[in-house]
Amino acid sequence: MSRRAPRPGRGWAPLAGIVGAGAILAGVPYLGLPLFYESFLYLVLHWIVLATSWNILSGYSGYFSFGHGAFFGAGMYTTAVLAARLEVPFVWTLPAAAAVAAVMGLALGAVVFRVRELRGELFALVTLAATFVVGTIILNTPIDGGPGVYLNAVPVPRIGPSPASSLYLMALAAAVLTLLVARAVYGSRLGMGLFAIHDDEDAAEVMGVPTYRCKLIAFAASCALAGVAGGIHALFVSYVTVSETFSIIVPLTVVLMSVLGGTRQWAGPAVGAALITALLYAFTAGNHAVAGKAVFGAVLIAAILFMPDGVLGAIMSRVRRRASSRGAERAAAPTLEALPEIDHAGKHGEPLLVVHDLGKRFTGVRALAGVSFDVRRGEILALLGPNGSGKSTFINVVSGHYRADEGSITFEGRRIEALPAHAIARAGIARTYQIPRPFAHLSVLDNVALTAMFGRAAQDRAMAEREARRWLAFTGLGSRADAMPPALNLHQRKFLELARALAARPRLLLLDEVLSGLTPSEINDAIALVRSIRERGTTIVFVEHVMRAVMALADRVVVLDHGVVIGEGLPDDVMRQEGVASAFLGRQHA
Amino acid sequence: MQFPSATLLAQSVLSGIFVGALYGLLGLGLTLSWGLLRQINLAYFALTFLAAYLCYQLATVGGMDPLATILVIAPGFFLLGVALQWVFERVHVTPFNSLLITFGLTVIVESVIQSIWTADFRRLESVYGVAKFRLGPLYVPAPELITLGVAIALSLALWAALRFTDLGKAMRAAAEDGPIASAFGVDRRFNALALAGTCAALSGVAGVCLALTYTLAPAQIYAWIGVVFAAVMLGGIGRAWGPLVAGIAIGVSEALTMALTAPSWAPLVSFSLLIVLLLVRPGRE
């Protein structure tokens with residue numbers, strides 16, 4: 001696994017590169033080349049806009065849209081109708097085309113992005129269907145009505161020396177704009193959120209990424225840019241029909257270009273677009289359009305099977321592997337110096353989290369029933385109970401991964417049981433997963449920086465990275481910052497979970513069996529670590545089976561059995577209570 | 001708006017049921033491979049059209065009875081499905097990549113069909129095509145009735161096979177938790193091959209029914225995807241009865257839409273139903 005996360009937004013080189021390349025290409029119409037070159041380059045740029053805009057949502061977040069043709073087509077028809085029928089000046093139709101496409105995308109996304117199961121697959125199918133639905137509507141209404149729309153009479157704005165070069169220059173401007181947007185998103189908080197959604201959407205939401213909003217924004221941007229491409233293309237072809245516009249060709253081509261170039265690279269789709277447009281031209285020029293289609297399909301299959309990172313992805317990872325082949329050492333022991341303070345708000349001992357009559361049901365099983373207890377600010381509370389007693393469900397409900405069926409959860413005086421998971425994270429609750437769930441395609445550093453950006457601290461990217469390095473040093477992972485999570489062993493992954501939760505600077509930390517599977521000496525390190533976390537001002541609830549750690553750490557314990565609280569109090573007192581021992585050891589031992 | 005007569009409405013409902021049967025038949029292989037193999041196989045649409053064209057070829061050039069071509073096509077497609085599954089297993093295809101790869105396959109098959117049979121419309125003329133009988137005031141065309149019969153029979157057979165046979169239980173167990181099923185002695189590889197073959201054979205049968213009832217053109221492959229997927233989703237993924245029941249519901253709604261408004265609005269029905277489903281039931285946690 002060598003797919004790499006985006007580097008932070010510093011580095012103006014890519015932006016300067018995009019603008020510089022655009023400036024150079026803007027000189028082409030003045031070279032006096034044969035007309036053919038301008039129209040060929042126009043097509044390359046046209047596909048660069050479509051593929052790159054598609055990639056902003058679909059490549060970064062993994063939600064593959066097969067409906068890019070619908071948004072492209074919406075832009076085409078917006079411009080066609082406004083310019084040809086209502087005689088709006090062409091340039092003014094482009095913002096309208098972008099707006100119409102974006103609104104359509106938002107409407108569709110608002111429905112489809114709410115889905116929690118089979119999300120990617122459903123999105124792909126619904127967007128595919130949307131292409132034909134939009135086509136049907138346009139065909140059946142006066143927007144088109146059947147005969148198509150002619151733009152012959154629409155004057156081409158005079159930008160270049162000829163109408164053809166003006167179109168070329170407009171496509172160039174659109175391509176520069178699209179690449180700038182793609183690069184900006186790539187290096188931004190939004191981009192980081194999208195890459196996290198790609199790897200594990202539920203975990204991303206729990207880490208504080210507002211997944212729904214991220215997807216909607218990216219989708220709207222993606223659709224708007226496709227709409228602009230459509231507007232320009234309407235003038236280029238000067239005759240718009242439903243059957244040509246709302247076909248399978250646009251989504252197929254765009255997916256192919258992006259996958260071939262590399263969907264995790266901002267420039268990948270552009271590389272793919274240039275390659276495929278040249279290939280396409282070779283086939284259509286030789287009158288082998290049908291064979292060309294088959295080659296399309298074959299290249300798509302081959303690219304997915306043999307080059308999942310795409311051309312640019314493969315090149316980038318080779319470059320990086322060479323660069324990083326030196327710096328792989330073993331993880332150092334945890335350093336307890338140089339700790340950032342987390343938080344010391346509020347009064348020690350006051351109720352921080354108040355759980356009242358909490359209930360959660362899964363089909364047929366009552367996982368939690370009438371659970372009520374307080375977590376006090378500054379304490380370490382151990383949550384105990386046999387397997388299946390509801391401990392992990394409790395953490396899942398408090399962190400917002402599951403919604404409670406009944407009861408209330410109050411955090412710092414504010415009801416949170418109905419909040420989405422990212423809002424709960426933002427409020428100051430962080431968690432770890434029993435089985436570590438790192439974002440597999442983000443570096444260790446970015447995994448941690450993500451929560452610094454989206455958690456309570458809500459830092460910008462550069463600050464988040466600095467914060468992340470401190471927490472990696474704290475958990476002993478300093479030397480593994482640039483590694484990818486699949487390269488870590490279990491011990492390191494557990495500590496990555498911890499570092500990730502801490503970088504959010506939580507007021508309440510929920511630890512779900514961080515010690516399970518660790519060796520005795522590793523457990524000692526971890527106990528020291530948990531203590532020093534509390535000293536930095538974070539309240540801790542931990543689920544644990546390692547009794548040595550419970551006795552060493554817990555100020556109080558709460559015992560669950562079959563979703564019901566059966567004991568609460570000081571560790572020694574509770575463990576002596578009648579029901580508690582029998583719940584753990586069976587009736588005859590009690 | 002003029003309200004159509006009762007006879008016309010009844011005739012539309014009947015034709016909706018018939019169209020729905022074809023949706024159900026097309027969706028059957030899809031829902032089973034999605035639910036039990038975790039593959040979203042768009043290539044079944046291409047295979048269905050390939051079978052339809054083969055049926056057309058065997059019947060018009062080879063002089064075979066169109067229904068008898070099932071005897072050739074179904075076993076052939078079974079082997080094709082097994083071969084495809086064998087390749088899929090070799091390359092470890094994830095559910096999402098299966099969608100992309102079979103999309104690529106669909107495009108390839110489409111261009112193969114187009115290069116052999118051209119992009120023109122083809123219509124199978126057969127003894128079944130002219131056979132019609134009356135049921136009271138209603139016309140019942142024979143090919144559609146055959147399709148309905150085949151769809152009901154196959155849905156019933158597969159439902160029973162999955163529910164009552166050991167092989168069916170093993171397949172459902174493997175879909176629930178593959179490694180655990182293997183630990184209990186389920187031969188997942190063999191089952192997957194058998195299931196993939198069955199699904200491909202089903203698309204072969206669907207293709208023959210398609211050739212009997214519809215005019216064929218290569219580009220129409222994509223026209224079916226949306227509505228059949230809607231039937232699969234509405235019917236519940238992995239359920240043998242799902243596509244047929246949901247398909248008939250969609251078919252009837254479409255037919256009524258056509259009767260009450262204009263035929264060209266029909267494609268919106270399945271999409272609207274799908275969106276309503278997503279709005280009402282965005283999925284459990």
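Here is a check on your reading of the model: is B:Gly247 within 14 Å of chain A (Cβ to nearest Cβ) and closer than 24 Å to B:Leu274 by Cβ? When the stated conditions are applied, B:Gly247 does not pass them. None of A:Ala164, A:Ala204, A:Ala153, A:Ala224 is assigned by TED's automatic domain parsing to the domain that holds A:Met76 and at pLDDT 95 or above except A:Ala224. Looking across B:Leu212, B:Leu256, one residue alone is under 26 Å from A:Phe132 (Cα atoms), over 21 Å from the mean Cα position of the chain (by Cα) and more than 10 Å from every other protein chain (Cβ to nearest Cβ). It is B:Leu256.
Pick from B:Val269, B:Val276: which is out of contact with any helix residue (DSSP H, G or I) (no Cβ under 9 Å at 6 or more places or on another chain) and more than 9 Å from chain A (Cβ to nearest Cβ)? Write out each step before concluding.
On the way: B:Val269 fails: out of contact with any helix residue (DSSP H, G or I) (no Cβ under 9 Å at 6 or more places or on another chain).
Of the residues listed, the single one that is out of contact with any helix residue (DSSP H, G or I) (no Cβ under 9 Å at 6 or more places or on another chain) and more than 9 Å from chain A (Cβ to nearest Cβ) is B:Val276.
Cβ separations smaller than 6 Å between residues 6+ apart or across chains give the following pairs from segment B:47-68 residues that are in contact (Cβ under 8 Å) with a residue 24 or more places away in the chain to residues that are surrounded by fewer than 24 Cβ atoms within 10 Å (Cβ to Cβ) and among the small types (Gly, Ala, Ser): B:Pro66/B:Ala59; B:Pro66/B:Ser126.
Only one of these is closer than 21 Å to B:Ala46 by Cα and under 32 Å from the mean Cα position of the chain (by Cα): A:Phe296, A:Phe306. Name it. Explain how you work it out, then say what you get.
On the way: A:Phe306 fails: closer than 21 Å to B:Ala46 by Cα.
That would be A:Phe296, the only listed residue that is closer than 21 Å to B:Ala46 by Cα and under 32 Å from the mean Cα position of the chain (by Cα).
A:Val290 passes every criterion in (1) under 28 Å from the mean Cα position of the chain (by Cα); (2) in a helix (DSSP H, G or I) apart from (1). Inclusion of A:Leu139 among residues that are over 30 Å from A:Phe439 (Cα atoms), at pLDDT below 90, in contact with a Gly (Cβ under 8 Å, 6 or more places away or on another chain) and assigned by TED's automatic domain parsing to the domain that holds A:Pro29 is warranted.
Can you confirm whether segment A:292-308 contains a residue that is loosely packed, with under 11 Cβ neighbours inside 10 Å and either over 30 Å from A:Arg470 (Cβ atoms) or at pLDDT 80 or above (or both)? Within segment A:292-308 (the criterion being loosely packed, with under 11 Cβ neighbours inside 10 Å and either over 30 Å from A:Arg470 (Cβ atoms) or at pLDDT 80 or above (or both)), the answer is yes, since at least one residue qualifies. Picking from residues in segment A:255-268 that are over 13 Å from A:Val299 (Cα atoms) and not small (Gly, Ala, Ser), the one that is nearest to the other protein chains (Cβ to nearest Cβ) is A:Thr263.
So if I check each of A:Phe283, A:Phe219, A:Phe195, A:Phe296, which one is within 12 Å of chain B (Cβ to nearest Cβ) and in contact (Cβ under 8 Å) with a residue 24 or more places away in the chain?
From the options A:Phe283, A:Phe219, A:Phe195, A:Phe296, the qualifying one is A:Phe296.
Taken together, the criteria place A:Pro147 among residues that are under 19 Å from A:Leu82 (Cβ atoms) and either at pLDDT below 85 or not aliphatic (A, V, I, L, M) (or both).
For segment B:49-70, a residue qualifies if it is assigned to a helix (DSSP H, G or I) and more than 18 Å from B:Gly29 (Cα to Cα), and the qualifying residues are B:Tyr53, B:Leu54, B:Cys55, B:Tyr56, B:Gln57, B:Leu58, B:Ala59, B:Thr60, B:Pro66, B:Leu67, B:Ala68, B:Thr69.
You will find that of A:Ala404, A:Ala382, the residue that is of a type in the set (A, V, I, L, M), more than 29 Å from A:Ala552 (Cβ to Cβ), touching a residue at least 24 places away in the same chain (Cβ under 8 Å) and out of contact with any Pro (no Cβ under 6 Å at 6 or more places or on another chain) is A:Ala404 and no other. Taken together, B:Leu193, B:Leu268, B:Leu212, B:Leu256 contain a single residue that is in contact with a Ser or Thr (Cβ under 8 Å, 6 or more places away or on another chain) and under 22 Å from B:Ala74 (Cβ atoms), which is B:Leu212.
Could you please let me know if A:Ser188 is hydroxyl-bearing (Ser, Thr, Tyr) and away from chain B (no Cβ under 14 Å)? Against the criterion (hydroxyl-bearing (Ser, Thr, Tyr) and away from chain B (no Cβ under 14 Å)), A:Ser188 qualifies. The set of residues in segment A:565-590 that are small (Gly, Ala, Ser) and either at negative phi or modelled with pLDDT of 75 or more (or both) comprises A:Gly567, A:Gly569, A:Gly579, A:Ala581, A:Ser582, A:Ala583, A:Ala590. Give the residue, chosen from A:Ser162, A:Ser166, A:Ser188, that is touching a residue at least 60 places away in the same chain (Cβ under 8 Å), more than 30 Å from A:Tyr402 (Cα to Cα) and hydroxyl-bearing (Ser, Thr, Tyr). Exactly one of A:Ser162, A:Ser166, A:Ser188 is touching a residue at least 60 places away in the same chain (Cβ under 8 Å), more than 30 Å from A:Tyr402 (Cα to Cα) and hydroxyl-bearing (Ser, Thr, Tyr), namely A:Ser162. Is one or more of the residues making up segment B:27-42 charged (D, E, K, R), over 17 Å from B:Val150 (Cβ atoms) and over 13 Å from the mean Cα position of the chain (by Cα)? The answer is yes, given that some residue of segment B:27-42 is charged (D, E, K, R), over 17 Å from B:Val150 (Cβ atoms) and over 13 Å from the mean Cα position of the chain (by Cα). Just to be sure, is A:Ala549 farther than 28 Å from A:Ala427 by Cβ and in contact with a helix residue (DSSP H, G or I) (Cβ under 8 Å, 6 or more places away or on another chain)? In short, no. Is it the case that A:Phe236 is touching a Phe, Trp or Tyr at 6+ places or on another chain (Cβ under 7 Å) and either farther than 18 Å from A:Tyr186 by Cα or within 14 Å of chain B (Cβ to nearest Cβ) (or both)? Considered against the rule, which asks whether it is touching a Phe, Trp or Tyr at 6+ places or on another chain (Cβ under 7 Å) and either farther than 18 Å from A:Tyr186 by Cα or within 14 Å of chain B (Cβ to nearest Cβ) (or both), A:Phe236 comes out as yes. Go through segment A:541-579 and report how many residues are over 26 Å from A:Arg531 (Cα atoms) and buried (at least 19 other Cβ atoms within 10 Å of the Cβ). Number satisfying all stated conditions: 3.
Check segment B:85-107 and report whether any residue there is surrounded by 19 or more Cβ atoms within 10 Å (Cβ to Cβ), modelled with pLDDT under 90 and more than 14 Å from chain A (Cβ to nearest Cβ). No.
The values are calculated or read from the model by the stated rules, or taken from the named source; none is laboratory data. Given the structure is predicted, the values throughout are model-derived calculations rather than measurements. Backbone-built Cβ (ideal geometry, glycine too); neighbour counts: all protein chains shown.
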